[in-house]
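Data first, discussion second: the structure below is written as structure tokens.
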Ligand SMILES: [Zn+2]
Ligand SMILES: [Zn+2]
């Protein structure tokens, strides 16, 4: 995942309700530009080669050094599937065929919606991209659960396993136990 | 749908590749603020009361006067399901229980991803909100196909019908015939 530094310089923007709107937006004090901030889409994929899972080790913060599936911000001009395939290429240098969406995680506290697909690798080739320290193909039993970067990685891997060989499903969401904990609500 | 006027004043921002980035972004010429533009999420719901569908007639551009399911931009701080329910309330003054996602439409040409759910109305009550001229509960045979606002409305209604009584599905996407036409690619 890339982490754009779209943090506003303090004092330059202020919260105002624009004409015809019904909630506060960040408006530039100088020029009146309205910075509509909407939730961002993160697209990614749990990629497999036969019974092996592709994991990439993060070279950037947050959670540098921890393992994840390839995922990152969706860009303008692409579909969600194309974005997921692009992230796999950028972070794991692997070519994949994107399949069904297995996880759809709304994370309102951080203003993100994660859309995670399952994908089959077109070959066993993989290598770290600029945002990764290392890439590996591991069997289910070898997944380093304690060293995964984010809960969404765990949920997506578990969803992939749950839906193995099936096509009769919609994506899983944030697990109820995580919601009741309050962190992801 | 609301249509935020987040159009940049000409000349104030210019396309530059920020340090550490790999593509052009709009950067404010005055203060260096980077306006990351990512795809926006539109959330909505095909709502039913028994065998009737809730349609709302748009009071705003684009496609003023045409019919749609309630849908609009997802806001920060909400889940996709909560956003869909909020839009139903704002545009159709109806309370609903959100169910499965029936349509997921990537529209890269306009930088949007539409996530449409099916929803059951908690009561037959409905009324136009400020962005609607009129609301109606209609049977399938009464849907004004020629007067629907957008192709996504047609696709979502058809998906709802296709999945009636089923839970063994993921959302439909943009139909292949629309993709090959080039308009939605
Ligand atoms: Zn400004
Ligand atoms: Zn500025």
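The values are calculated or read from the model by the stated rules, or taken from the named source; none is laboratory data. For clarity, every value in this text was computed on a predicted model and none was experimentally measured. All Cβ positions, even for glycine, are placed from backbone atoms using ideal geometry, and neighbour counts span all protein chains on display.
In table form, for the structure just shown:
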quantity	calculated
Test for residue A:14: is it surrounded by fewer than 14 Cβ atoms within 10 Å (Cβ to Cβ) and modelled with pLDDT under 75	yes
Where a residue in region A:30-48 is more than 7 Å from chain B (Cβ to nearest Cβ) and its partner, wherever it lies, is more than 15 Å from ligand 2 (Cβ to nearest atom) and part of a loop (DSSP other than H, G, I, E, B), with Cβ under 6 Å and at least six apart	A:43/A:74; A:44/A:69; A:44/A:70; A:46/A:69
Residue match in region A:61-71 (condition: farther than 22 Å from residue A:147 by Cα and surrounded by fewer than 16 Cβ atoms within 10 Å (Cβ to Cβ))	no
Residue match in region A:24-42 (condition: touching a helix residue (DSSP H, G or I) at 6+ places or on another chain (Cβ under 6 Å) and at pLDDT 95 or above)	no
Scope region A:72-124; condition buried (at least 16 other Cβ atoms within 10 Å of the Cβ), more than 14 Å from every other protein chain (Cβ to nearest Cβ) and in a strand (DSSP E or B); matching residues	A:96, A:119, A:121
Residue count, region B:15-54 (criterion: closer than 30 Å to residue B:88 by Cβ and within 16 Å of ligand 2 (Cβ to nearest atom))	2
